[in-house]
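Structure first, commentary second.
The values are calculated or read from the model by the stated rules, or taken from the named source; none is laboratory data. In this text, all values refer to a predicted model and were calculated from it rather than measured experimentally. Positions of Cβ are generated from backbone atoms using ideal geometry, with glycine treated the same way; all protein chains shown enter the neighbour counts.
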Amino acid sequence: MAAVLTIILAWRKAGSPRADIENIVTFGGAWSDYCRHPLMWLGHPDRQRLYWIRSSTTRQRCSSRLLTEWRNAFGSTPTTVRRAVDRAEGSHPNLLDAMREFPVEERGEINRSKLGWLLKKNANRIVGGLEFQKAEADGRTAWRVVAVISPPSPPSRPRGEIVAQLGNVDGVKS
């Protein structure tokens, strides 16, 4: 414990130099000041960023589950974060579990501001054919889940047709 405090004190005496890093969801403010920045100042890699990058597959799975459970609870009806959390805590335990897979819980309760920030950050990101879209309900910011159909890919042309169009490239006939 003394070594940790010594590192933090040394970092502060050096003027609290901050690395040019982006906050990761809820890992900003004091946590970064006393954990990430001092260690990076010592030359250590940003472990939190490495963890966050490595866990992208997990985040995508969690996003897919949250989208699915939100849609199961509300369909495509725009719903405020407050109403979604209330319903999740009351009658939709799967939705509550899907919310809890993200770092939005404090002291055993869903922090509505953090959940709203997460939705805003991930709006219009298609996962598993679904996406959160910003909407309005009762004059407040709300979110809805919409099924998104990807546009069909244009048909590919047969290889022979492509080669025939290229014709004479660099003096070589096809």
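Worth pointing out:
- Residue match in segment 57-64 (condition: of a type in the set (Ser, Thr, Tyr), in contact with a helix residue (DSSP H, G or I) (Cβ under 8 Å, 6 or more places away or on another chain) and at pLDDT below 80): no
- Flag if residue 83 is in contact with a Leu (Cβ under 8 Å, 6 or more places away or on another chain) and farther than 14 Å from residue 63 by Cβ: no
- Single match in 30, 10, 3 (criterion: at pLDDT 65 or above, assigned to a helix (DSSP H, G or I), hydrophobic (A, V, I, L, M, F, W, C) and closer than 29 Å to residue 102 by Cβ): 30
Yes or no, residue by residue, for (1) out of contact with any Pro (no Cβ under 6 Å at 6 or more places or on another chain); (2) of a type in the set (Lys, Arg); (3) over 18 Å from residue 80 (Cα atoms); (4) at pLDDT 90 or above:
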residue	(1), (2), (3), (4)
107	yes, yes, yes, no
118	yes, no, no, no
129	yes, no, yes, no
160	yes, no, yes, no
